[in-house]
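First up is the structure itself, then whatever we jot down about it.
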Amino acid sequence: MAKKDKRFVKTYSQGTMDVIEILVDQETGVSYLFRSNGYAGGMTPLLDREGKPIITTILEEKE
């Protein structure tokens with residue numbers, strides 16, 4: 001990954017004031033849930049039923 005590339009990619013977003021987003025780390029494939037409301041926010045890895053991190057493969061579009 002080139003230094004100028006973004007490490008995290010937003011794959012889902014809902015809300016404007018009460019925001020929920022899913023971000024994927026392009027280096028590890030781990031998905032994270034980010035939630036913010038006003039000035040407060042937090043981020044945690046998404047887990048499957050067995051408690052293991054959800055791994056997502058991001059396919060890059062090539063022009």
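The values are calculated or read from the model by the stated rules, or taken from the named source; none is laboratory data. This structure is a prediction, so every number in the text was calculated from the model and none was measured. With ideal geometry, Cβ positions are generated from the backbone for all residues, glycine too; neighbour counts draw on all protein chains shown. In case anyone asks, the SASA skips ligands and DNA or RNA and just uses the protein heavy atoms, side chains included. Shrake-Rupley method; radii C 1.70, N 1.55, O 1.52, S 1.80 Å.
Things to note:
- Yes/no for GLU61 being at pLDDT below 95, acidic (Asp, Glu) and at negative phi: yes
- Selection count where residues are within 16 Å of THR57 (Cα to Cα), touching a strand residue (DSSP E or B) at 6+ places or on another chain (Cβ under 8 Å) and loosely packed, with under 10 Cβ neighbours inside 10 Å, scope the stretch 1-23: 0
- Scope the stretch 24-52; condition out of contact with any strand residue (DSSP E or B) (no Cβ under 9 Å at 6 or more places or on another chain) and at positive phi; matching residues: GLY51
- Just so you know, in the stretch 29-44 the residues that are without any contact (Cβ under 8 Å) to a residue 24 or more places away in the chain and either assigned to a loop (DSSP other than H, G, I, E, B) or charged (D, E, K, R) (or both) include one that is most open to solvent (accessible area, probe 1.4 Å), and it is TYR39.
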